[in-house]
Amino acid sequence: MDRTTPNPPSARTTPTARQGKSRLARSIVNSQLLISAALLAFAVVVFVVRPSAYQVPLFFACLLLVFILTGVALLVDWNPRRKRWAVALPVLDIFAILGMREAEPQLGVGLLLVLPVIWMARNYRLSGAISAVALSTALLWTSRIIKGDPLSILDFGAQVLLPMTLAFLATTTYATSRRSQSQRELLRQQSALVESALVRARKQERLLDEVLNAVEFGVVAFDRHGVATLQNNAHQQSLRDFGAPRAAVIHPSIYQPDGITLYDDTTRPYARAVAGEEFENIVFWVGAPGEERAAFSATSRQVSTVDGTPDGGVVVLRDVTTELEAVRARENLASSVSHELRTPLTSIIGFLELAVDSPELTDETRRMLEIAARNSERMLGLVTDLLQTASDKDGSLTLSTSRCDIAELARQAVESAQLSAEQRGLTLKTMLDQTAVTAADPFRVRQVIDNLLNNAVKYNRTGGSITVAVLADETTVRVDVTDTGVGVSPDDLAHLFDRFFRTGSARSSAIVGTGLGLGISRDIAKLHGGSLSVTSEVGVGSTFSLLLPATPELPATPEAS
Ligand code: ADP
């Protein structure tokens, strides 16, 4: 990024040079104007109090010289290359002032020497300060020496104190100008830094704009008062597509995930984000039922200043219409296909059971029919799962509870799984409490334990083991199914109970499955007021734990979320 940033020093070269030039010219002209103004005032006073001074040619010529020098200062283009020639101005001013002093010593014009001395000390640093004081002193003393006047106590002020005053002034001016020079330099550097930071910030802002407008998801940002400060093209487009008024920043009416119930003003995702809430993937529909619609998944994040003060936030909207429609289509398909399959399958199983009981069968034929019956039963199980899942989304899973012994249910489930476990070379162990009685739906609890056991067999390694433990205390009845199988990675664990989810290894293996069993099992556990959880380690194995309340208070309205 630094490479693409315009080089700030070169960008500054021209304006700085221009500023330097004008500052120099201003300083030269101002200094000379100051001297000529002082001399003008002096000339007026002299004209009043001692007009005869103008008859002294040296006095008049020197006075004139100062005004000529002022004219030169005004006319010359003082660029940095001519800077050193400008030194001639204060030097000649010194000569002129001392010339006037020579012509009219009583007028005290020598005091005006302070002006060119200050000028030189300020503009030509140490060398300027020393030269100005040295030149003034030398000229003062030279004239005295040429005239052959001895230094008297009366003249002490002019010959000694004046040069000392000039030296003091030159030193202070030099020190002050040095300090202000370094402050100016500091300021210049700081302003260069600010300038380059500004350039970078603008560049990043442009980049952010480009990115935000290129992405397909909608973005709306708002400040701490809830006023929208930014919205990208995708969001504006979605507003236009659904007929939102021109100035709108959010969809005027949005529907809950059922697509029918309207969100009210306080519970709609944008309002919740403005109220300071952070959330993930809240689904809403826009467009009235029966008309063209789209579904969005909203995620909100709060933004804060560097000191942590809340400073608004941002809502990101992802169009999930296609995904939701695909899920709905899949559920509809699963529902209708499984419904259509159940009836013929039940009939096949019935006839196979009748056929197996026929006395005329050879052992070989009976064995083949038994295999067919077993596989048909399995198929019916899968179809039942599918059908249940398709209908469960409406919350139609219901319980028929009675007093039931979970340890006994587990024992029966282990017995049924014995054969398939042996076929895979697995050892089945049990640790069952004598009784673990609670109020539950025995059919559904058995369904859960069967599912956990089937999985423990399916996703185990040859020669592994499965342990089923039932533990009961006053408050809970717990069923643990532990296997020594492939295990589940932490990433997959988060989705294990999602409908139709299967781990990558399960999908790529020949193991048959729909990814529905665990989701249904968890719903059954929740309906009982309990839970189904899992701990697992890849390559070591998994433990699924079904927890049921021992004195259950079953929910009045079953919910199967
Ligand atoms: P299915 O077994 O029909 O695929 P489930 O809902 O019972 O569906 O299981 C979902 C997924 O969880 C399985 O596909 C499998 O990837 C993983 N899984 C379930 N039980 C186990 C287990 N005991 N060990 C390892 N993975 C498991």
Per-pair calculated FRET efficiency, R0 = 30 Å: ALA192 and LEU33 via Cβ, rounded to 0.05: 0.40
Please list log₁₀ I(q)/I(0) at q = 0.11, 0.13, 0.15, 0.16 Å⁻¹ for region 454-554, using the Debye equation with identical point scatterers on the alpha-carbon positions. -0.34, -0.48, -0.63, -0.71
Test item: Cα-centred dipole of region 315-468, Lys/Arg +1 and Asp/Glu -1 on Cβ, debye: 460 debye
Separation of alpha-carbon centers, region 441-458 and region 330-350, rounded to whole Å: 21 Å
For region 165-270, the Cα convex hull volume per residue in Å³ comes to 158 Å³
Considering the alpha-carbon set of region 435-513 alone, what are its Rg and its Dmax in angstrom? 14.5, 44
Assuming R0 = 35 Å, can you tell me the calculated FRET efficiency for the pair THR398 and ARG246, based on Cβ-Cβ distance, to the nearest 0.05? 0.10
Farthest toward the dipole's positive end in the chain, which of ILE511, ALA61, GLY128, given Cβ charges of +1 (Lys, Arg) and -1 (Asp, Glu) about the Cα centre? ALA61
List every residue whose amide H lies under 5 Å from the amide H of ASP441, counting only residues 5 or more places away in sequence or on a different chain, with H placed 1.01 Å from N in the peptide plane. SER402
Based solely on its DSSP helices, what 222 nm [θ] is calculated for the chain when runs of n ≥ 4 H residues each add -39,500 (n - 2.57) and the sum is averaged over all residues, nearest 500 deg cm²/dmol? -18500 deg cm²/dmol
Dipole magnitude of the chain about its Cα centre, charges +1 at Lys/Arg Cβ and -1 at Asp/Glu Cβ only, in debye to the nearest 20? 5260 debye
Proximal charge balance of VAL481 [Cβ under 12 Å; K/R count +1, D/E count -1]: -1
Given the candidates LEU333, LEU352, THR398, the one whose Cα lies deepest towards the positive end of the charge dipole of region 306-409, counting +1 at each Lys or Arg C-beta and -1 at each Asp or Glu C-beta, is LEU352
Could you give the distance between the Cα centres of region 210-264 and region 460-498, to the whole Å? 45 Å
In which sequence would VAL66, VAL457, VAL283 go, from the one with the fewest C-beta neighbours within 10 Å to the one with the most? VAL283, VAL457, VAL66
Order of LEU518, LEU74, LEU113 from fewest to most other C-beta atoms within 10 Å? LEU74, LEU518, LEU113
Vicinal HN-Hα couplings computed from phi for region 170-185 (Karplus, 6.51 cos²θ - 1.76 cosθ + 1.60; Hz; Gly/Pro x): 4, 5, 5, 4, 4, 5, 5, 5, 5, 5, 5, 4, 5, 5, 4, 4
Counting as exposed only trypsin sites (Lys or Arg not before Pro) in DSSP loop states with no more than 12 other Cβ atoms inside 10 Å, the longest exposed-site-free span of the chain is 247-561
Please tell me the relative contact order of the chain in percent, rounded to the nearest whole number, where contacts are Cα pairs under 8 Å and at least six residues apart. 7 percent
Based on other C-beta atoms within 10 Å, arrange PHE501, PHE279 from fewest to most. PHE279, PHE501
If each of SER253 and GLU353 carries a label point 7 Å out from its Cα toward its Cβ, how far apart are those two points in nm? 5.4 nm
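Values quoted throughout were computed directly from the atomic coordinates according to the rules given, and no laboratory measurement underlies them. As the structure is a prediction and not an experimental result, all values here were calculated from the model. Cβ coordinates were reconstructed from backbone atoms using ideal geometry, including for glycine residues, and neighbour counts include every protein chain displayed.
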